1. On alpha carbon coordinates alone, what is the Rg over Rh value for the range 1-133, Rh being the Kirkwood radius?
2. Give me the tail of P(r) for the range 319-375 as a percent: Cα-Cα pairs with distance above 14 Å.
3. Considering the alpha-carbon set of the range 168-300 alone, what are its Rg and its Dmax in angstrom?
4. Sequence gap at least 6, Cα distance under 8 Å: using those rules, report the relative contact order of the chain to the nearest whole percent.
5. What are the equivalent ellipsoid semi-axes of the range 279-371, built from the alpha-carbon gyration tensor (square roots of five times its eigenvalues), in whole angstrom, biggest first?
6. Under a 10 Å cutoff between Cα atoms, tell me which one of 228, 175, 318 has the largest fluctuation in the Gaussian network model of the chain.
7. Give the Kirkwood hydrodynamic radius (Å, one decimal) of the range 1-76, defined as one over the mean of 1/r across all pairs of different Cα atoms.
8. Once the Cα atoms of the chain are picked out, what are the Rg and Dmax in Å?
């Protein structure tokens with residue numbers, strides 16, 4: 001497996017060389033702060049595990065972080081991050097180093113921070129669960145743990161195993177074959193946009209709104225990303241809760257990577273104020289069974305902010321089960337019915353949803369609540 005390890009660093013170096021701009025930095029800052037529900041990072045320390053291009057370390061620095069530390073296993077990524085640090089005057093409160101999250105000596109030498117951040121990285125280490133465990137050890141007792149992991153729940157047709165085989169095939173291919181695979185994957189996206197009656201050029205040109213990234217860079221990253229592991233949402237939540245003693249605060253699912261925000265159980269931090277300012281509304285059954293794993297409850301009072309055909313991702317509503325956010329919003333109704341497992345859709349005057357284990361919400365003994373502006 002080691003000989004097929006993808007050179008993420010070379011891909012990120014090319015990305016910065018061709019695509020770096022203030023606009024991309026601003027997008028990265030906005031996405032980072034929006035998920036953290038913070039106006040800035042003033043007074044907070046930030047650890048970027050698998051810093052890659054350095055764009056998110058830079059976003060944290062420009063968001064006012066008191067101290068930024070980034071490290072990466074890949075030497076080319078370290079050099080690219082250092083290039084961005086030099087771009088802003090080589091500030092003393094931004095450190096970049098080479099190291100592995102799987103190295104207990106290296107990780108043990110890191111000073112605990114307020115925000116541990118690792119986006120789309122830990123599933124590429126070859127030992128994802130150990131990487132998550134080691135990463136958590138770098139968080140202060142009242143800190144925040146922000147990770148994003150590839151989610152098996154999203155990959156239905158084709159399934160995760162198909163993509164694992166594609167990744168190994170890509171890494172074993174020559175340059176010409178790799179280009180063919182990249183164009184084939186890009187055409188898959190274009191056809192998907194056309195089938196949904198959307199302009200694929202709009203999607204490609206607007207791709208940088210996704211964390212400041214680049215369409216072609218992410219295609220290479222996706223096809224080449226090896227080693228690679230998938231984790232379903234329930235598996236990740238259970239591991240972090242039962243094994244690591246973490247509490248899930250926020251989640252954003254439905255795309256390739258699911259974003260998770262955790263803190264240690266019993267900890268107190270700024271999220272307590274977030275919870276006070278985002279009141280939950282208890283749902284009252286009975287819930288009407290639609291089909292398969294889908295259940296419906298009326299939400300006429302929130303119809304003005306719901307998804308519809310013209311704006312299928314407008315709703316900011318978050319669904320909670322026993323106070324824990326589900327986050328798998330905007331799901332196709334057919335997927336809710338066929339697969340369930342926390343998928344839901346705030347559509348028109350209704351909430352169409354499924355439970356975490358596909359049980360009957362009328363009889364499973366759990367409470368369900370919503371927050372209309374949490375996403």
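Nothing in this text is a laboratory measurement; each read-out follows from the coordinates by a stated rule. Not measured: the values here are computed from a predicted model.
1. 0.95
2. Across the range 319-375, Cα pairs with separations above 14 Å total 49 percent.
3. Every Cα atom of the range 168-300 included, Rg and Dmax give 20.6, 58 Å.
4. Rounded, it is 14 percent for the chain.
5. After diagonalising the Cα gyration tensor, the semi-axes are 18, 15, 12 Å.
6. Answer for the Gaussian network model of the chain: 175.
7. Result for the range 1-76 stands at 13.3 Å.
8. Looking at the chain, its Cα Rg and Dmax stand at 20.8, 60 Å.
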